[in-house]
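Each remark here refers to the structure printed beneath this line.
The values are calculated or read from the model by the stated rules, or taken from the named source; none is laboratory data. Nothing here was measured: the structure is a model prediction, and the numbers come from that model. Neighbour counts are summed over all protein chains in view; Cβ atoms, including those assigned to glycine, are modelled from backbone coordinates with ideal geometry. Accessible surface is based on the protein model in full, side chains and every heavy atom, while ligands, DNA and RNA are left aside. Shrake-Rupley method; radii C 1.70, N 1.55, O 1.52, S 1.80 Å.
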There are 2 protein chains.
Amino acid sequence: MSAVDVKAYKGHVVFTPQFGRYEIIENGYIVVEGGKVKGVYQDLPAAYANLEVIDYGDKLIIPGFVDLHFHAPQFVNRGLGLDKELIPWLETYTFPEESKYKDLAYAKKAYQNVVRELWKQGTTRCVLFATIHKDATIKLMELLDKAGLAAYVGKVNMDRNAPDILIETTEDSLRDTEEFLKETVDKYEKVKPIITPRFVPTCSPELMRGLSELARKYNVPIQSHLSENRSEVAWVKELHPECPNYASVYEQFQLFGQQPTVMAHCIYLTDEEIELMARNKVYVAHSPHSNNNLSSGISPIRKLIKAGVPVGLASDISGGHDVSIPSVMVAAAQVSKLKWVEDSANGDPLSTAELFYLATKGGGSFFGKVGSFEEGYEFDALVIDDSSLADVNPRTIEERLQRFIYIGDDRNIVARYVAGKKIEEPQF
Amino acid sequence: MSAVDVKAYKGHVVFTPQFGRYEIIENGYIVVEGGKVKGVYQDLPAAYANLEVIDYGDKLIIPGFVDLHFHAPQFVNRGLGLDKELIPWLETYTFPEESKYKDLAYAKKAYQNVVRELWKQGTTRCVLFATIHKDATIKLMELLDKAGLAAYVGKVNMDRNAPDILIETTEDSLRDTEEFLKETVDKYEKVKPIITPRFVPTCSPELMRGLSELARKYNVPIQSHLSENRSEVAWVKELHPECPNYASVYEQFQLFGQQPTVMAHCIYLTDEEIELMARNKVYVAHSPHSNNNLSSGISPIRKLIKAGVPVGLASDISGGHDVSIPSVMVAAAQVSKLKWVEDSANGDPLSTAELFYLATKGGGSFFGKVGSFEEGYEFDALVIDDSSLADVNPRTIEERLQRFIYIGDDRNIVARYVAGKKIEEPQF
């Protein structure tokens, strides 16, 4: 064995190097060196003749799924309370649950289930909200690391317009965040901290300014929510009459792309906001299940992509009920079609190949070279055994992938890799 | 043992006697006599002291799911070709597949998978389209009967605007249909024929007139499609300029409630059409996955229900990709919310309790006393073991049901009954 681990994986290789364009190598090989893709080949080059080949036979090998927005403490609330809109839903279900995470034993039990489900559904990378509680947030990171998953995890900040059980003083919020950053920024290889103002209404200007400074000081990315719901947009307007729009509130505090930034939802954006996002390369975490479940609306994804805004997909647990990114892809296809029905000027519906890109390389690029099998990309991969979905007719590789997305589930995922390492079901 | 089989089933009993109102009996009993519900009790009455009790412990007992619209031959196409609209999708995927069912061996193989999946997903009653092929349609009925499922199954009719491989002469279409009716009308206890003009564009006036006569002669119900898509509505207008609207074409041929009738989709209805449906008690088979997948639009279900139109849910395989009725419920909730976002005058979104009614008693009433546990109802039931969905918090029975609907799947269905008979996985 050489100093650097080199292996080849054989199977039907599918990925999307560009938005909407599949690269398909039937019975192909992926050579992985030191956790990174060296190349993808129809036939193994002579130089690799003696390489160990992991042969997945008639199975598909695809990039792992990326989830750009997921509230880990709300995992237990999946499927509950979905007869409400955003603000009453937050007050009735979300905040009371999140307050429990000051209890580290509770947090550990609940977060183990989150990590197990991420593993199960083939989400190899994710960007997570935790709660305001520093210790519970670090516990979540420890569990993710133990499971071998890659993630950004944020300790949430809120110092205004939050219930008593969850509100922090500005001072405590900033102090806890800096302690959190110090403790975690170099602790785990693939699990990293992210600055997490919950959203404008719950963060005072002082807090947003302080968080922005911490993001730069520790060189970490930023996540938050933007323009999910009409009454939320109106509320932000009331709180910040000095700003022309919602996005510009984050922008004035340098929380909008000055460090890599991802914003959940982005439904009711003005053209100025879209332009700003494109200019600052602020990511959209598109979460159609959540936007539907909470009666929020349909995000104009085609328009955002055309404008140059980077987009990935998100479950948004527990506004969204389903951790499965293929399920999110189906919902994203459906709402893009309804948007087109409403007015065809909104642009064509999103195709499966376009959605596959968003689910892999689109969101993956927030982590660097992730979500593709091009040279130099980290080898995050899923092996799909779709034999249970086979029908009486022969199908192309593209059709088999589409069927897995629409009618498959976790039972069809038979192996998972993160940065070249095979990860097994978490044992805790 | 008495001449009539009497048994009690114990568990957490949930059903919806009225639209939107749960009846929940925690640790309750359902007494079933001769396949029909005798009563539901918190404590077993003294008269039943010696009754055999099937104890399902902490599990939920709910009515079986009803699917009012499902194209059996399209089952193999689930998840394929969903980047197209209705008419091109029909031409590219649907018609070529349906033409294969002239081969009885092919039909048998494909239909076995359909029946197995219906069983697996807990769909105890369904209304199915087959193809134009009489023998294959009878084969499907035979397989359903063997599995113990209840269904209406239709031999499809089309004598115009259909591809050569699937078109019938009017004469052949009517003759085959009458032979089909004669052979099946009394053959199976719970699997019955239904008159099935595909939709107005593919059925000549002579054919529609003849089918209407057959429906009355053999006293069988009717199914078809109505107002799925704007270009389809325009096409019908062109074909029948003498009629004020799409529904009135069916009405003029007495195919619109003169016998019990169910119409799939019903998206772009005029107020006159809605009034006619309410007056004639024509059912809507609401299939939101299909309406989304094929870029058709959102059916105004709240408005239809308020107007007095009977409504049930439908997978509409393979416009819809998912056989699971709980998955259809979630999609129906989501689109009702998007309709509300578009204009709150469309009425409140559909609640989970309302959707549960549509999925059981709403659609079930097309079969008679089906879909509830009220006295005299046929005992169609599912036993739900939701222990895999449990979280770290205690949950009410209503919350447990809602979680099963949103995040459960076929793995949580551990027993299935149709008309009092326990049905096991089909062995073929």
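Things to note:
- Accessible area buried at the B-A interface, both sides summed, 1.4 Å probe (Å², nearest 100): 4000 Å²
- Across region A:135-178, the residues whose backbone nitrogen lies under 18 Å from the label position 7 Å along the beta-carbon direction of residue A:116 are A:140-149.
- The C-alpha atoms of chain B define a longest principal axis, and helix B:230-239 lies at about 50 degrees to it.
- C-alpha long axis of helix A:205-217 to longest principal axis of chain A, angle in °: 40 degrees
- Pseudo-label separations to other copies for residue A:178 - Cα-to-Cβ vector, 7 Å, nm: 9.2
- Expressed as a whole percent, the accessible area of region A:65-367 that falls on carbon and sulfur atoms is 48 (1.4 Å probe).
- Label point 7 Å beyond Cα along the C-beta direction, distances from residue B:4 to other copies (nm, shortest first): 7.9
- Label point distance in nm, residue B:388-residue A:104, each placed 7 Å from Cα along Cα→Cβ: 3.4 nm
- Only the Cβ atoms of Lys and Arg (+1) and of Asp and Glu (-1) were treated as charged; on that basis the dipole of the protein assembly as shown about its Cα centre amounts to roughly 760 debye.
- Computed FRET value (nearest 0.05) for residue A:281 with residue B:146, which takes r as the C-beta separation and R₀ as 60 Å: 0.50
- Cβ neighbours within 10 Å from other chains - mean over B:335-342: 6
- Size-normalised alpha-carbon gyration radius of region A:141-217, reference 2.2 N^0.38 Å: 1.14
- Simple spin-label estimate for residue B:47 and residue B:242 in nanometres, 7 Å along Cα-Cβ: 5.8 nm
- From the alpha carbon centroid of region B:127-154 to that of region A:373-414 is 31 Å.
- Only beta bridges with both residues in the protein assembly as shown are counted; by DSSP, about 45 percent of them are antiparallel.
- Positive-pole candidate from A:157, B:16, A:387, dipole of the protein assembly as shown, charges at beta carbon: A:387
- Protein-only accessible surface at a 1.4 angstrom probe places the residues B:100, A:361, A:155, A:306 in the order A:306, B:100, A:361, A:155, largest first.
- Hydrodynamic radius by Kirkwood, which averages 1/r over all alpha carbon pairs of the protein assembly as shown, in angstrom: 28.3 Å
- Calculated on the alpha-carbon coordinates, the convex hull of region A:358-414 measures out at 94 cubic angstrom per residue.
- Between residue B:395 and residue B:36, the FRET efficiency from the beta-carbon distance, with R0 = 22 Å, is close to 0.10.
- Based on the convex hull around the alpha carbon atoms, chain B presents an average projected area of 20.6 nm².
- Contact order normalised by residue count of chain B, Cα under 8 Å, 6+ apart, percent: 21 percent
- Ellipticity estimate at 222 nm from DSSP helix runs (n ≥ 4, -39,500 (n - 2.57)) divided over chain A, nearest 500: -10000 deg cm²/dmol
- Accessible surface computed residue by residue for the protein assembly as shown, with neighbouring protein chains in place and a 1.4 Å probe, gives 34 Å² per residue.
- Ranking B:220, B:40, A:280 by how far each Cα lies toward the positive end of the dipole of the protein assembly as shown (charges on Cβ) leaves B:40 at the top.
- The dipole here belongs to region B:315-428: it is taken about the Cα centre, uses +1 on the Cβ of Lys and Arg and -1 on the Cβ of Asp and Glu, and is about 120 debye.
- Neighbouring Cβ atoms from other chains, within 10 Å of the Cβ of residues in A:396-403, number 3 on average.
- Between copies, the label points at residue A:411 (set 7 angstrom from Cα along Cα-to-Cβ) are spaced 0.9 nm, reported in nanometres from shortest to longest.
- Cβ neighbours within 10 Å from other chains - mean over A:215-225: 0
- C-alpha center-to-center spacing [region A:177-192, region A:1-64] in angstrom: 33 Å
- Chain A - charge dipole about Cα centre, Lys and Arg +1 at Cβ, Asp and Glu -1, debye rounded to 20: 500 debye
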